[in-house]
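The values are calculated or read from the model by the stated rules, or taken from the named source; none is laboratory data. Please read these numbers as outputs of a predicted model, since none were measured by experiment. Cβ atoms come from the backbone with ideal geometry, glycine included; neighbour counts cover every protein chain shown. Only protein heavy atoms, including side chains, enter the accessible area calculation; ligands, DNA and RNA are left aside. Shrake-Rupley method; radii C 1.70, N 1.55, O 1.52, S 1.80 Å.
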Amino acid sequence: MTTRALTRAVPDSIARCELTHLTRKPIDIDLARAQHAAYEDALRAAGCVVERVVAMPDAPDSVFVEDTAIVLDDIAVITRPGAASRRREVESVAAALGPHRELLHIEAPATIDGGDVLRVGRRLFVGLSTRTNADAVEQLHTALDARGYDLVPVIVRGVLHLKSAVTQVGASQLLVNRDWIDVGPFRDCDLIEVDPLEPSAANALLVRETVLFPSEFPRTAERLERSGVQLVRVAASELAKAEGALTCCSLVVET
Ligand code: CIR
């Protein structure tokens, strides 16, 4: 079995990225590229084969490939991103996933970003956010119920995506920021909370047996390690200014 991690180059146009909750700050593009390359190296060290999807220099948010698809065991759902500027990103990702999965396409009026979908076992938690609407939850339910997936909507407030507020760091362990979601739907999981001084620290990337974690959040890292979660730290300061975090920059495909 091969674990592929699809990524895409940091585009020249990243300075024009979409921003919803952050104020625009200058992004050091050389540093962003160096951090992104180190992230790809960490994915390789975790056992992934990294494959870059065709670059889109004029698509400012195209490095955030997570938002373009939801990759499941037997099917991949090609999203219809909530930001109109990002809809042209999906075609090349669909082409890259086509050899590995049956594809399903989300259709208008539904909109959904992959960053709003957290899979835990056979449950798919779907964030209702500024990017993802109830039509998308309905289309996912129609397509995936018969395949044994339970859809659980979760309201997201004050942050871009569900996975800005909660991610998986172990078999039943989730890292959360309770200010941005109601944790009720996650009640049977073991919840580890971000440090209050690090609200943006809830996005970790569990890939195979490794948890990649942003080096900018040492207090939360210490909490995780005290709970027995071993971390591989990666610097992610530059793409964070584009409202992107670690899960956003890859799509993991078991083949
Ligand atoms: C956007 O607003 O779409 C990008 N600037 C950031 C997307 C981050 N993606 C993610 O959290 N999955």
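I'd like to check one number: the per residue accessible area of the chain, probe 1.4 Å, reported in Å² as a whole number. Could you put the intermediate results ahead of the total?
Working: 10870 Å² over 255 residues.
About 43 Å² of surface per residue is accessible.
Comparing 161, 21, 141 in a Gaussian network model of the chain where C-alpha atoms under 10 Å apart are linked, the largest mean-square fluctuation is found at 21.
Quick check on the range 154-255: take the gyration tensor over C-alpha atoms, sort the square-rooted eigenvalues as a ≥ b ≥ c, and tell me if it's rounded (a/c under 1.5), prolate or oblate. Since a/c stays below 1.5, the shape of the range 154-255 is classed as rounded. Across the range 3-254, the mean sequence separation of Cα contacts (distance under 8 Å, 6 or more residues apart), normalised by length, yields a relative contact order of 22 percent.
Here the chain exposes an accessible surface that is 51 percent carbon and sulfur, computed with a 1.4 Å probe and the other protein chains kept in place. Close amide H pairs (under 5 Å, H built 1.01 Å from N) link residue 234 with 213, 215, residues at least 5 positions away or on another chain.
Rounded to two decimals, what is Rg over Rh for the chain when you use alpha-carbon atoms and the Kirkwood radius? The partial results should precede the final answer.
Working: Rg = 16.7 Å, Rh = 18.1 Å.
When Rh is taken as the Kirkwood radius, the ratio is 0.92.
Kindly provide the helix-only [θ] at 222 nm of the chain, computed as the sum of -39,500 (n - 2.57) over DSSP H runs of four or more divided by all residues, to the nearest 500 deg cm²/dmol? About -6000 deg cm²/dmol. Applied to the range 232-246, the Karplus parametrisation 6.51 cos²θ - 1.76 cosθ + 1.60 on θ = phi - 60° returns per-residue 3J(HN,Hα) values of 10, 8, 10, 6, 9, 5, 6, 6, 4, 5, 9, 6, x, 10, 6 Hz, with x for Gly and Pro. Each Lys and Arg contributes +1 and each Asp and Glu -1, all at the Cβ; summed about the Cα centre of the chain, the dipole is approximately 140 debye.
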